[in-house]
Amino acid sequence: MAITKTQDSVESSERNRLNDGIDISGKERATFAPILAIINIDAISKFASTVRQSGYQSTANNLTGSYNIVFAVEFADDISWMLRIPANGHGQQFDELASKALASEARTMRIIKKATTIPVPAVHTFDASLDNELHVPFILMERIDGTPLYKGLFNEDKYPKARLEKFLARALQSIAAAMVQLNQLMLDHGGSIVFDSDGKAVGVKGAKVIDANAMWYPEVEDPDDNDIFCEKGPFTDPKCALVFMLDRRSSRPEDDAFLKGIDVLLRMFIEWEYEKKPYGPRFVLTHPDFNIQNVLVAEDGTLRGLIDWDGVAAVPREVGCGQFPMFLLHDWIETQYDYSISAGKP
């Protein structure tokens, strides 16, 4: 049997712990309140032990992110698993689109795990419904031991420059090797993979994505400030995939010449990219949030894991896993870069 508590109990005091035994800050507690009202920590521990059937007891700690709450289950023999629950995994919030997205994510991770050597967490089991003994949708997966890449990149005060350069070189080499493999998983359609009841891929449907336009310009005020999702795709034409979000944003009276110009410029770039007739499969599986918090590395920078595949889908190759990583751009770190439009320079 497993015993469950929270990750925050390792890093913070007992002040955040309430009667449910979950140690979580006030803001995060509010975000995940509907889930915390349903979930039972002891049930998580018991469930994990039942799935593993090892006889080892375990403890579990919780982590939180923008869209998920994760319980890290550690067995007595040092094996670690993760139980991840989406923030919208309750009531009417967990609709058909969300259910299909979770099932597609879990099974797509299994495909990547089987077809490549990319260190993706092994999925032990999942349930894309509320009808289970935990009463929430979840993915139970392997926990990969590693350090987020950003902790190694921003250690100028702790390590000499030569060591950091060697660390970065090793990290980028191993990440690039993983991306080369992922770039081989090509499809004729863009969107999330659909599977039958036996776990066999049978097609592609629309992917669940944040509806940025609806979030910025809500038609109805939401006192709970819930995330708004939409279905993107499926696509047969990569150009349609690239202009999808642009088309969802209609022109507004408050748009100035700069915003209107950006829209025109983006559409022009996309048109130029596809002036020539495309050849071969035009879509490729890619990580939905390829950023340094989701890249786990060893002490020397070697890639240990790519995590958080929530929303994984096939996208146009031009913006897929072969693109230049955003975190290597100078202006990615907003606190170190500011561009003055009036001055025309950083």
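State whether one or more residues within the range 113-123 are under 25 Å from L36 (Cα atoms) and free of Cβ contacts under 8 Å to residues at least 24 places away in the same chain.
Yes, that holds for at least one residue.
Would you confirm, using the coordinates I've provided, whether G152 is surrounded by 15 or more Cβ atoms within 10 Å (Cβ to Cβ), small (G, A, S) and part of a strand (DSSP E or B)?
no
For the range 233-258, which residues satisfy the criterion of being at pLDDT below 90, surrounded by 13 or more Cβ atoms within 10 Å (Cβ to Cβ) and out of contact with any helix residue (DSSP H, G or I) (no Cβ under 7 Å at 6 or more places or on another chain)?
D255 - this is the single residue of the range 233-258 that is at pLDDT below 90, surrounded by 13 or more Cβ atoms within 10 Å (Cβ to Cβ) and out of contact with any helix residue (DSSP H, G or I) (no Cβ under 7 Å at 6 or more places or on another chain).
Select from the range 103-149 the residues that are part of a helix (DSSP H, G or I) and not hydrophobic (A, V, I, L, M, F, W, C) and write down the one among them that is nearest to the chain's Cα centre (by Cα).
Going through the qualifying residues, I end up with E105.
Step by step: first the residues of the range 67-87, then only those that are over 11 Å from M141 (Cα atoms) and surrounded by 22 or more Cβ atoms within 10 Å (Cβ to Cβ), then the one that is modelled with the lowest pLDDT. Which residue is that? Spell out the reasoning first.
Filtering the range 67-87 down to residues over 11 Å from M141 (Cα atoms) leaves 67-69, 74-79, 85-87.
Cutting the leftovers down to surrounded by 22 or more Cβ atoms within 10 Å (Cβ to Cβ) gives us 69, 85-86.
Details: I69: 90, I85: 95, P86: 94.
Checking each candidate, the answer is I69.
Which of the residues that make up the range 195-218 are surrounded by 14 or more Cβ atoms within 10 Å (Cβ to Cβ) and of a type in the set (G, A, S)?
A201, G206, A207, A214 - these are the residues of the range 195-218 that are surrounded by 14 or more Cβ atoms within 10 Å (Cβ to Cβ) and of a type in the set (G, A, S).
Report yes if some residue within the range 238-252 is within 21 Å of H287 (Cβ to Cβ), among the aromatic types (F, W, Y) and touching a Ser or Thr at 6+ places or on another chain (Cβ under 9 Å); otherwise report no.
Keep residues of the range 238-252 that are within 21 Å of H287 (Cβ to Cβ), which gives 238, 241-242, 244-245.
Cutting the leftovers down to among the aromatic types (F, W, Y) gives us 244.
Checking which are touching a Ser or Thr at 6+ places or on another chain (Cβ under 9 Å) leaves us with none.
No, there is no match, as no residue in the range 238-252 is within 21 Å of H287 (Cβ to Cβ), among the aromatic types (F, W, Y) and touching a Ser or Thr at 6+ places or on another chain (Cβ under 9 Å).
Checking W272 against (1) surrounded by 11 or more Cβ atoms within 10 Å (Cβ to Cβ); (2) modelled with pLDDT of 90 or more; (3) among the aromatic types (F, W, Y), only one condition comes out false. Which one?
(1)
Only one of these is assigned by TED's automatic domain parsing to the domain that holds G280 and touching an Asp or Glu at 6+ places or on another chain (Cβ under 6 Å): V180, V194, V202. Name it. Before the answer, list the steps.
Numbers: V180 fails: touching an Asp or Glu at 6+ places or on another chain (Cβ under 6 Å); V194 fails: touching an Asp or Glu at 6+ places or on another chain (Cβ under 6 Å).
Criteria check complete, one pass: V202.
The values are calculated or read from the model by the stated rules, or taken from the named source; none is laboratory data. If you're wondering where the values come from, they're calculated on a predicted model, not measured in any experiment. FYI the Cβ positions are ideal-geometry reconstructions off the backbone, even for glycines, and counts take in every protein chain you see.
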